[in-house]
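The values are calculated or read from the model by the stated rules, or taken from the named source; none is laboratory data. Nothing here was measured: the structure is a model prediction, and the numbers come from that model. Cβ atoms come from the backbone with ideal geometry, glycine included; neighbour counts cover every protein chain shown.
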């Protein structure tokens, strides 16, 4: 593989603000995505889906309303809020617990699916697979054309839960806010993954072009109009032979070590 050190030093660009923004959502997307994906996907990779994490998440979410209710009762003792009855609790959090029960049931189902999938160690399965999408999304058409995987992951899947969350929030259901927040993390984290993938592909394409145009742009001194936009910055030796010797150091082959 040929590595162009000039390209990697001068041309490769990063938007620090955008990268930091995306890194944040990627770092904390695991649980928000887990809360939604078990409902709409199946056959996860065994290193992508964690049943233990799912159960711990369900336990924490199950305890949260109780803590909030106890806090409300405590405040009411001092006359700062109305008495919070068990009926009030059910009206507000029944949908929350129905969601959690359904979530745990599906998590158990997804765990059993993984056990029956081909072995990762036989090279038959990608262990970090994000699972198989629901056919409803794959068959969904936009302007007569099937939606792309990118559109499904960044818009349709999170959009479904976002709208559901809005509907629940209108009826004062805390579950709505949980779904809204999770759908936002879901969408932006997938956008971040595609952003990284796009940049990886473009970096490799640009580096290949820089390698191919090295002679024309640096040694022969041709302009960007004749080199597919490539322009080597910096002062260059006046002698063409010296420029060629210098250019030889820009690109180096890296050896790929094969296991024997």
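Which numbered condition in (1) part of a loop (DSSP other than H, G, I, E, B); (2) more than 28 Å from residue 56 (Cβ to Cβ) is the only one that residue 150 fails?
(1)
Cβ-Cβ under 9 Å, sequence separation 6+ or interchain: first residue in the range 129-150 and on the phi > 0 side of the Ramachandran plot, partner assigned to a strand (DSSP E or B). Which pairs?
The qualifying pairs are 131/41; 131/42.
Would you call residue 102 part of a helix (DSSP H, G or I), exposed (fewer than 13 other Cβ atoms within 10 Å of the Cβ) and modelled with pLDDT of 95 or more?
For residue 102, the condition - part of a helix (DSSP H, G or I), exposed (fewer than 13 other Cβ atoms within 10 Å of the Cβ) and modelled with pLDDT of 95 or more - is met.
Kindly indicate whether any position in the range 218-235 is surrounded by fewer than 15 Cβ atoms within 10 Å (Cβ to Cβ) and touching a strand residue (DSSP E or B) at 6+ places or on another chain (Cβ under 7 Å).
no
Exactly one condition in (1) surrounded by 13 or more Cβ atoms within 10 Å (Cβ to Cβ); (2) without any contact (Cβ under 8 Å) to a residue 60 or more places away in the chain; (3) not in a helix (DSSP H, G or I) is not met by residue 125; state its number.
(2)
Given the condition free of Cβ contacts under 8 Å to residues at least 40 places away in the same chain, assigned to a loop (DSSP other than H, G, I, E, B) and surrounded by fewer than 18 Cβ atoms within 10 Å (Cβ to Cβ), answer yes or no: does some residue in the range 156-168 qualify?
no
Can you run down the residue pairs with Cβ atoms below 8 Å, 6 or more apart or on separate chains, where the first is in the range 49-72 and without any contact (Cβ under 8 Å) to a residue 60 or more places away in the chain and the partner is surrounded by 14 or more Cβ atoms within 10 Å (Cβ to Cβ) and outside any helix (DSSP H, G or I)?
As it stands, the answer is 69/84; 72/84, since those pairs meet every condition given.
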